[in-house]
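Report on the structure given below.
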Amino acid sequence: MADKEATVYVVDLGASMGDCHNGRDESDLDFGMRYVWDKISTTVAASRKTWTLGFVGLNTDETNNTQDEEGLEGYHNISTLQEIGPMTMTELRELHPKVKPCEAYSGDALSAIVVAITMIEEFTKKLKFKRRIILVTNGESPIDDEDDSITDVAEKLNEHNIELVIIGVDFDDPEYGFKEEDKSRAKRQNEETLRKLVEACENGVFGTMQQAVEELSIPRIKPVRPFKAYDGPLTLGDPNKYESAISINVERYFKTKRATPPSATTVVVNPDRGYTQSQAFDDGDVEMGGTEFSNVKHMRKYKVNDPSAPGGKLDVPYEELAKGYLYGRTVVPFSDSDMAITKYETTKSFTIIGFIPFDSYSPFLNMGETGLIAAKKFDEKSEIGLSALIHALHELESYAVARYVQKDGAQVQILLLKPNPGIEDEYECLYDVPLPFAEDVRSYQFPPLDKVLTVSGNVLKEHRLLPNQDLKEAMSDFVDAMDLSGFDVDEDGNPVDYAPIDEVYNPVIHRLNQAIRTRAVHPDGEIGPPPEILLRFSKPPEKLIKKARPDIEALIDAAELKKVPEKAKGRFKEAVKPLSGLDIDAILGQKKRTVISPENAIPEFKQALATAEDDETVEKAVKQMGEIIRKLITNSFADVFYPRAAENLRVLREELIGLDLPLLYNKFLRALKKSLLSGELNGDRREMWFKYIIGGQLGLVTKEESEMSDVTEEDAKAFVKK
Amino acid sequence: MAWGGDEDQRPEGEDEDEIDETDYKTQKDAVLFAIDISSSMLLAPDDTGNKKADKDSAVTAALKCAYQFMQQRIIAQPKDMMGILLFGTEKSRFRDETGGRSGTGYPHCYLFTELDIPAAEDVRKLRELVEEGEDADEVLVPSKEPVIMSNVLFCANQIFTTNAANFGSRRLFIITDNDDPHKNDKAAKSSAAVRAKDLYDLGVVIELFPVSRAGKAFDLAKFYDDIVYRDPAAEAAGAADEVKTSKSGDGLTLLNSLISNINSKQTPKRSYFSNLPFELAPGLTISIKGYMPLHRQAPARTCYVYLGGEQAQLAQSETVKMDSETRTVEKSETKKAYKFGGEYIKFEEKEVKSLKDFGGRVLRIIGFKSQSRIPMWASVKKSTFIFPSEEGYVGSTRVFSALWQKLLKSKKVGIAWFVARTNANPVMVAIMPSGSLSEDGSDTPYLPAGLWLYPLPFADDVRTVDIAAKPRTADELADKMREIVANLQLPKAVYNPLKYPNPSLQWHYKILQASALEEETPQDHEDLTIPKYRQIDKRVGGALAEWKEELEQKAHELVQSRAVKREMDIDEDEERPAKRSKPAAKKAAGGGQMSNAQLKAAFEKNTLKKLTVAELKDVLASKGLSTVGKKADLLEKLEQWIEENV
């Protein structure tokens, strides 16, 4: 896995490689380099010092290799373009322009392989390395096809334990199903020679570029070395106290661990270079490459409230701070020595609490990743002991529930242990998943799904919210028709599992990796759409849909769904009534609220709008609300009234959108912004603007939000930015 | 916290899926308990001599509930507020200092705990009142004249308006035994109704916890039906949350009854996403909401404390971004880039967007499988609960219900592509039902009935672990272990998380509480996750001892046989002992290596069909038979051969 690697790429750069063949609109070289760049950039991405590579050009106009320098014959038009070494972006950038078609056409591929062998030999010496040579050619230039030469090279490869991969552009591959029509005689012969060579190698691969390029889109999964999370006894009973207690030595590994996509770093254009760069490129667009960026550093500053300090906040140096916890809003400082006692003292242990039957457990209780528990190696007692437990659990269809402390001081976890008796695969083991504690369960109440309870306490079994018999049957037929197991068969007619886990790749990880590699190699190129394979399982298979079509239609008919029109969402208001159905508006109507009091502003504002009969009343209410908001801000000591002002503003915004009067809101907000930033409202009120209004997404109402608005998304963004 | 600081931003790389749906209102909850202090509420129950009988007056029970609620809130919802308003008291108190109004504004309303994130002092004050019955201020004295309910409601209104102005969830818990506070006063009733409507418009939800006394039911129709509104969400789903009356009896104390009713409302129902299109099939979409009823609760992180002032004070941190020359940089100057080969690879904003775009938020079924087809190890993350909503498609609920019933009945799961929010990472999920079709059969009574989105691992998430295939020699051991397993079932044969509080969490907050209240540090506490060792020994001690003895012997035999084998097997492939209930062949060993005796045994046990097609072909090939045909044909061929030849 983390083995050392030395790979030399031998790429034919001959004149014919610059031409397009077989209806492709890219040259043979570009076509082949798709494969090579992908491989090289994968190595770059890994940034491992021990993964090294070199690059040899075949049919280069110049000749530059050690064999030739030593005066050996037949090594002309072969150049070492990069010596073996670790690969970083710098090397990649240097190598990139060197890979271009040349005029030459008489370099010998076999000789180039020898050059590569020598490079590997010198670099790796006798050390443990994974050695590999990858040759990419279209086989148009002459190759020494004497049997002796082939045998010599093959022997040398075998002697140094080098794997030889030859990938030919338009080489025939009956297994893959590719055959080039009208192949030139020379090419046919060269293909034959190379095939012979590969066959003579102990470790050789011969393939056609079509297949290699096609396989590029199949995501490669980063192998991870197994990590032993626990190594110790699994007990039943307490061996320290009871003689009867049993103890089995086990090892615990991760079976699943969520792989994460590469994370982005915040960078900034370097001050010195950034300056010259923006001079050089008028549009300010910085060229790809790393050196013009540097990582943004984060400095933390600490402040405490202090009414006597300017702005009410006092800067405090980090050194003067103690650590602590919050208990509610009370700050509880702890000295470093006292800190330890806030942690529950635990000792490493793994002990079974009890057992439960399979069917009393629901998988959605899983709280996280799966572990795998096996007996300690070379410990016969534990091996058969654990085996007996696994089989007993399996036969009784039971799980064990265990208390797990990974190491001294670690938090307690409760794990569910599931027996895997090794019937479907080869290994006997226990799998474990974490279970929730009491604190992890939030008791949310939902109405039942199979009956409707009325306010008066009646139970209804027939209701518009409940499926009738037709719908139930249609659903049942639909679910059965859409069954994935066995709808598809392999070549032998055996049902295959659809979307098994090992074929479902994380789209985000592979999409991002592929884009980064593409960008690294072709700084100016497009990143292209995501490969089809990543979206394969985002939709039901067409074949299945076709098969289930009648059942789908029947279900659609039985469901009688109606889409809620866009317009009605949120705007549509029915008079709200308490449980009794009492008409509050009628009571309110008798004493209309036209003056809005600051302390009960929101209800009174809403009620004023609800009962308003003309625009004038609305405008009056809006004006009052606006005054209240401004007053709250003006009278706010530091930020105490900001939340209230923001909430009033939010209600104002929501109501005006509902009334199709966004212009009123936008007008008010423009004026408010000016007042806030100019200090007109009794001092520095920028926090209100930035944290509460922008942060609270209370900006201008856009066209998207309300058709009556004349503000575009961009306008709204620009308004917020300055 | 100052603007520009990034306290609200998550550290880079942290799982974006965990961020709750961002609503422009702060997703915080404020609960104000309003407890009726009347003479009937204060009446202690008769002493019946029964130990299990009620000892608490309704007020005491209510205060105990509030106390428990407060402690739980500090642990589970450290940013949420609560307060306690007593009404019908002789004394009146609103806020003394800054609030402006004196107690006279709301006669017979006593704000016992200000609506805020609870402080240690609040906990202590409440505990003194509850546990030690210390009522030095004589707040628990009922007033002589009746309290005016509209006043109580407006008082609550003001408390919410000022203290929790922009909280996403604000709830008033009214605990009372008086179902008709304004018997013959129509005007008082109307003005209470108006104040209740104010609260509704303000966004405050009133939750009523009626206390009923023996022989006297609490009649909502008399007064409270004018006060209480339906939860709009529940209304859309067509069913109101029941108002549950608390009472003692049926073996339940008033306290327990009240606690269970209040606990069910402890956390406001926050949705993780709403109005998400759920595509059952092309052309068939319903709308759903998502919730997270399961969420790992961890102790809060440490904070920095400034001790230089009069009081220990929380230091607020602010981050400043700097470049390599320690110049402060503005947010607009920064770019997102990826490290690659020692340098940065940068994408344009537009490209970053397109990289994350896998086609919009949706839950789309791609088909169904039997639940047993999900490998038992396929777990990576907690599940999300979904429930139908009528906001996008009218009729969603009945379709959802039909699906739920079908999945329960056929033990199937839906396999679906799931993108929770715009630009969220897509995941594959199995859609599983919870609850039960019968009245009482749910295995998870503490969780709601509905559907769960169970995240499936990607190929990238699966680790290969090379463990040696283990020998399986001792059937007797497994038999004996069965007896042990069968005798150590958890209570009710189920894992009920509610029985297992997290000991690390409980300890942490116990210590914090003691330090905050300057009390003695507790020495130990009850850890309910520790197995009942004594019981284990008592119940199966004998069996365990026998098992151990047997194990000793079997292990010894295995060591011996391995030693012998090592000598013998220098050239030969190691042949592992056959396992019970398992076809003798392994993929690795290759079906072709099955001995005739093994084949015969498998044939007689009828386990040949467990061989895979590849293994079958191997076996057939090794016997010189044709390997063409479907699995059934291959099996038949092999069985025939065994019958004839072995």
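Mind checking whether some residue in the range A:41-58 is farther than 21 Å from A:PHE129 by Cα, at pLDDT 90 or above and touching a helix residue (DSSP H, G or I) at 6+ places or on another chain (Cβ under 9 Å)?
There is at least one residue in the range A:41-58 that is farther than 21 Å from A:PHE129 by Cα, at pLDDT 90 or above and touching a helix residue (DSSP H, G or I) at 6+ places or on another chain (Cβ under 9 Å).
Kindly indicate whether B:ALA402 is at the interface with another protein chain (Cβ under 7 Å from one of its Cβ atoms), crowded, with 24+ Cβ neighbours inside 10 Å and without any contact (Cβ under 8 Å) to a residue 12 or more places away in the chain.
Yes.
Just give me the residues in the range B:337-364 being at the interface with chain A (Cβ under 7 Å from one of its Cβ atoms) and among the β-branched types (Val, Ile, Thr), in sequence order.
The one that is at the interface with chain A (Cβ under 7 Å from one of its Cβ atoms) and among the β-branched types (Val, Ile, Thr): B:ILE345.
Could you check the range B:605-646 and list, in sequence order, the residues that are part of a loop (DSSP other than H, G, I, E, B) and hydrophobic (A, V, I, L, M, F, W, C)?
Matches in the range B:605-646: B:LEU611, B:LEU625, B:VAL628, B:VAL646.
Please go through (1) modelled with pLDDT under 85; (2) under 22 Å from A:ARG220 (Cβ atoms); (3) within 7 Å of chain B (Cβ to nearest Cβ) for A:GLY525 and return the number of the only condition it doesn't satisfy.
Every listed condition holds for A:GLY525 apart from (3).
Just to be sure I understand, how many residues within the range A:472-493 are facing chain B (nearest Cβ under 7 Å) and touching a Gly at 6+ places or on another chain (Cβ under 9 Å)?
7
When A:GLU395 is evaluated against the numbered criteria (1) free of Cβ contacts under 8 Å to residues at least 40 places away in the same chain; (2) under 29 Å from B:THR384 (Cα atoms); (3) among the charged types (D, E, K, R); (4) touching a Ser or Thr at 6+ places or on another chain (Cβ under 9 Å), which criterion, by number, is the only one it fails?
Unmet condition: (2).
Being touching a strand residue (DSSP E or B) at 6+ places or on another chain (Cβ under 6 Å) and part of a helix (DSSP H, G or I) is the filter; apply it to the range A:491-536 and report the residue that is surrounded by the fewest Cβ atoms within 10 Å (Cβ to Cβ).
A:ARG519
Return only the number of the condition from (1) in contact with an Asp or Glu (Cβ under 8 Å, 6 or more places away or on another chain); (2) in contact (Cβ under 8 Å) with a residue 40 or more places away in the chain that A:SER41 does not satisfy.
(1)
Report the residue count in the range B:578-615 for those that are within 16 Å of B:GLN640 (Cα to Cα) and modelled with pLDDT under 50.
0
Please go through the range B:66-90 and pick out each residue that is more than 9 Å from chain A (Cβ to nearest Cβ), at pLDDT 90 or above and assigned to a helix (DSSP H, G or I).
B:ALA66, B:TYR67, B:GLN68, B:PHE69
With the requirement that a residue be of a type in the set (Ser, Thr, Tyr), within 42 Å of the chain's Cα centre (by Cα) and in a loop (DSSP other than H, G, I, E, B), what does the range A:182-230 give you?
Within the range A:182-230, just A:SER217 meets the criteria.
What number of residues in the range B:482-496 are hydrophobic (A, V, I, L, M, F, W, C) and part of a loop (DSSP other than H, G, I, E, B)? Walk me through it before giving the result.
Filtering the range B:482-496 down to residues hydrophobic (A, V, I, L, M, F, W, C) leaves B:484-486, B:488, B:490, B:493-494.
The next check asks that each one be part of a loop (DSSP other than H, G, I, E, B); those that pass are B:488, B:490, B:494.
The total comes to 3.
Considering each residue of the range A:596-610, count those that are in contact with a Phe, Trp or Tyr (Cβ under 8 Å, 6 or more places away or on another chain) and touching a residue at least 12 places away in the same chain (Cβ under 8 Å), and give that number.
1
List the number of the failed condition for B:PRO501; all other conditions in (1) in a helix (DSSP H, G or I); (2) within 8 Å of chain A (Cβ to nearest Cβ) hold.
Exception for B:PRO501: condition (1).
Which residue out of A:GLU91, A:GLU73, A:GLU103, A:GLU62 is outside any loop (DSSP other than H, G, I, E, B) and not polar (S, T, N, Q)?
A:GLU91
What strands (runs of 3 or more DSSP E), lying completely within the range B:339-388, carry at least 3 residues that are under 30 Å from A:GLY422 (Cα atoms)?
Counting at least 3 such residues, we get B:362-370.
For the range A:354-367, which residues satisfy the criterion of being without any contact (Cβ under 8 Å) to a residue 12 or more places away in the chain and either assigned to a loop (DSSP other than H, G, I, E, B) or of a type in the set (Asp, Glu) (or both)?
A:SER362
List the number of the failed condition for A:THR351; all other conditions in (1) assigned to a strand (DSSP E or B); (2) within 30 Å of B:VAL494 (Cα to Cα); (3) more than 8 Å from chain B (Cβ to nearest Cβ); (4) of a type outside the set (A, V, I, L, M, F, W, C) hold.
Of the numbered conditions (1) assigned to a strand (DSSP E or B); (2) within 30 Å of B:VAL494 (Cα to Cα); (3) more than 8 Å from chain B (Cβ to nearest Cβ); (4) of a type outside the set (A, V, I, L, M, F, W, C), the odd one out for A:THR351 is (3).
Within the range B:409-438, which residues are more than 20 Å from the chain's Cα centre (by Cα), among the polar types (S, T, N, Q) and within 8 Å of chain A (Cβ to nearest Cβ)?
Matches in the range B:409-438: B:SER410, B:ASN425.
Residues to consider are B:SER257, B:SER287, B:SER246; find the one that is at pLDDT below 90, crowded, with 19+ Cβ neighbours inside 10 Å, of a type outside the set (Phe, Trp, Tyr) and within 30 Å of B:ASP201 (Cβ to Cβ).
Values: B:SER257 fails: within 30 Å of B:ASP201 (Cβ to Cβ); B:SER287 fails: at pLDDT below 90.
It is B:SER246.
Within the group A:TYR444, A:TYR399, A:TYR431, which residue is more than 7 Å from every other protein chain (Cβ to nearest Cβ), of a type outside the set (A, V, I, L, M) and buried (at least 17 other Cβ atoms within 10 Å of the Cβ)?
Just one listed residue meets the conditions, A:TYR399.
Which of (1) more than 21 Å from A:GLU655 (Cβ to Cβ); (2) at pLDDT 85 or above does A:LEU698 not meet, given it meets every other one?
Failing condition for A:LEU698: (1).
Out of the residues in the range B:179-220 that are assigned to a loop (DSSP other than H, G, I, E, B) and free of Cβ contacts under 8 Å to residues at least 40 places away in the same chain, which is nearest to the chain's Cα centre (by Cα)?
B:GLY203
(1) without any contact (Cβ under 8 Å) to a residue 12 or more places away in the chain; (2) closer than 29 Å to B:TRP452 by Cβ; (3) of a type in the set (A, V, I, L, M, F, W, C): which one isn't true of A:ALA340, the others all being true?
The single condition A:ALA340 does not satisfy is (2).
Is it fair to say B:GLY290 is in contact (Cβ under 8 Å) with a residue 24 or more places away in the chain, in a strand (DSSP E or B) and closer than 30 Å to A:PRO363 by Cα?
Yes.
Could you check the range A:402-421 and list, in sequence order, the residues that are charged (D, E, K, R) and either facing chain B (nearest Cβ under 9 Å) or crowded, with 21+ Cβ neighbours inside 10 Å (or both)?
A:ARG403, A:LYS418
The values are calculated or read from the model by the stated rules, or taken from the named source; none is laboratory data. Note that this is a predicted model, so its numbers are computed, not measured. Every residue, glycine as well, gets a Cβ built from its backbone with ideal geometry; the counts of neighbours run over all protein chains shown.
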